[in-house]
1. Nearest 100 Å² is fine: how much accessible area is buried between B and A, summed over both sides, with a 1.4 Å probe?
2. Rolling a 1.4 angstrom probe over the protein heavy atoms, how many square angstrom per residue are accessible across the protein assembly as shown?
3. On average, how many beta carbons from a partner chain sit within 10 Å of the beta carbon of a residue in B:73-81?
4. Hey, any idea what % of region A:24-97's accessible area is carbon plus sulfur with a 1.4 Å probe?
5. Need one value: the accessible area of residue B:111 in square angstrom, 1.4 angstrom probe, rounded to the nearest 10.
6. Rounded, prolate or oblate: pick one for region B:50-189, where a ≥ b ≥ c are the square roots of the eigenvalues of its C-alpha gyration tensor, a/c under 1.5 means rounded, and failing that, prolate if a/b is larger than b/c, else oblate.
7. Rounded, prolate or oblate: which one fits the protein assembly as shown, using the alpha carbon gyration tensor with axes a ≥ b ≥ c (rounded when a/c is under 1.5, else prolate when a/b beats b/c, else oblate)?
8. Which lysines have a Cα less than 22 Å from the Cα of residue B:101, not counting those fewer than 8 places away in the same chain?
Number of protein chains: 2
Amino acid sequence: MRYEERFESVLKSAATVFARRGYQRASIRDVARAAGISVAGLYYYCKSKEELLFAVCFHSFDVLLQSLHRSLKGVSDPKQQLHIFILNHFEYFLTYVEAMKVVSHEAGMLTGEFDARVTEIKRQYYLRCQQIVQLLLGEPDAESPRLRTTTLALFGMINWVYTWYRPGRDEDAKGLADGMTELFLHGVWPQAAVGNGQEVGNGG
Amino acid sequence: MRYEERFESVLKSAATVFARRGYQRASIRDVARAAGISVAGLYYYCKSKEELLFAVCFHSFDVLLQSLHRSLKGVSDPKQQLHIFILNHFEYFLTYVEAMKVVSHEAGMLTGEFDARVTEIKRQYYLRCQQIVQLLLGEPDAESPRLRTTTLALFGMINWVYTWYRPGRDEDAKGLADGMTELFLHGVWPQAAVGNGQEVGNGG
DNA sequence: TGTATTTTCGAGCGAGCGATCGAACGATAA
DNA sequence: TTATCGTTCGATCGCTCGCTCGAAAATACA
């Protein structure tokens with residue numbers, strides 16, 4: 001077993017422990033125990049607890065982003081792009097639930113350079129998604145508030161999954177992706193979509 | 001200043017500190033300092049740190065739920081109900097950003113009886129929302145997976161807000177509520193809403 | 001085999017944690 | 001004044017934390 005493999009195994013243990021206990025509550029001793037090594041041995045692979053959190057977060061986004069780029073290559077239809085984006089997101093989320101829970105929930109604990117690098121790669125992921133939504137909306141302005149709100153609403157829908165998803169009970173990645181793509185494109189009330197004069201929120 | 005008022009002031013300080021530092025990282029000394037009292041003095045108002053977190057979470061949901069019931073009274077149109085639900089949610093979220101950040105982010109740290117009581121009141125809030133979505137979908141089965149997924153997608157959209165909302169930059173509660181209600185009802189692609197034969201996700 | 005390098009660990013550091021205690025405070029009533 | 005009672009605090013407890021050190025064990029190569 002080479003160094004790289006052992007390091008990735010340590011990362012996986014860290015992700016599991018951080019996901020189950022939360023980053024702050026999880027102790028370095030918990031991680032070491034899960035990885036099957038001593039505390040001092042753990043520090044052979046990292047310089048600090050925060051670096052462990054950083055490594056889990058950055059590695060996750062790296063793989064997620066690379067997979068997205070691969071899947072989107074050559075696809076020009078915005079609706080197909082959206083579906084690919086959502087499906088890619090769910091496939092990764094449901095495969096690496098623990099890592100993604102850490103990324104979603106604990107990345108905000110990072111500071112300094114660690115924070116900067118994770119924020120940067122998160123931003124790349126966000127911008128790639130925003131491009132797709134911009135095409136869907138036919139919005140010319142990349143700074144449009146509507147574009148921002150809509151993109152972040154989509155992010156909310158798909159990121160929140162880690163708080164409720166249960167493998168046996170809920171659909172698989174494809175099922176979820178189909179459903180949420182449909183919801184994001186057409187809403188739950190499609191028959192009223194083409195202007196029927198009745199708007200919501202102006203009646204009070 | 002009476003006891004109750006002082007206690008609520010302590011709760012507010014706790015919410016602020018928990019929101020800024022995270023529940024685990026925030027020390028009881030931080031809370032005491034923010035509340036302008038000593039550590040021992042703080043323990044006159046609570047039995048433990050966890051009880052403080054519980055009080056913040058439970059109180060928040062209590063107010064949110066009561067406000068929702070008040071607003072929904074007498075409204076029968078599902079679309080109006082949806083708009084009211086979302087608006088109520090945002091109004092509360094944007095008024096008590098810090099408390100709601102704690103609720104969304106840290107409630108999972110609770111254990112035992114504390115956990116049970118917060119989970120229970122969260123469930124009431126969820127079920128009230130699910131009723132509305134059920135009406136919108138015309139779904140007869142309350143256990144339908146689609147109903148569950150759709151409701152949780154809505155929850156994701158509106159709960160995620162605490163991670164990105166910036167008071168100066170983004171719209172106010174009403175603006176957000178209008179936008180998200182529209183998105184949830186009709187999607188971003190309304191012109192393709194009524195079955196045009198082209199579906200997403202079956203092309204690959 | 002001997003030697004050099006990589007990997008592992010037991011023991012323990014200083015710091016900070018949540019929580020507790022008995023004493024003392026200030027306002028009120030006798 | 002004295003006694004009462006709700007409220008506040010300084011001092012401190014036992015414990016766990018992130019992290020480090022020097023030495024030993026495992027491995028690689030001669």
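1. 4800
2. 48
3. 2
4. Exposed carbon and sulfur together represent 52 percent of the surface.
5. My reading of the accessible area for residue B:111 is about 70 Å².
6. Since a/c reaches 1.5 but b/c is at least a/b, the shape of region B:50-189 is classed as oblate.
7. Oblate, since a/c reaches 1.5 and b/c is not below a/b.
8. Result set, ordered by chain and number: A:101, A:122, B:12, B:49, B:122, B:174.
The values are calculated or read from the model by the stated rules, or taken from the named source; none is laboratory data. On a predicted model such as this, the values are computed, not experimentally measured, just so you know. All Cβ positions, even for glycine, are placed from backbone atoms using ideal geometry, and neighbour counts span all protein chains on display. Ligands, DNA and RNA are excluded from the accessible area calculation, which covers all protein heavy atoms including side chains. Shrake-Rupley method; radii C 1.70, N 1.55, O 1.52, S 1.80 Å.
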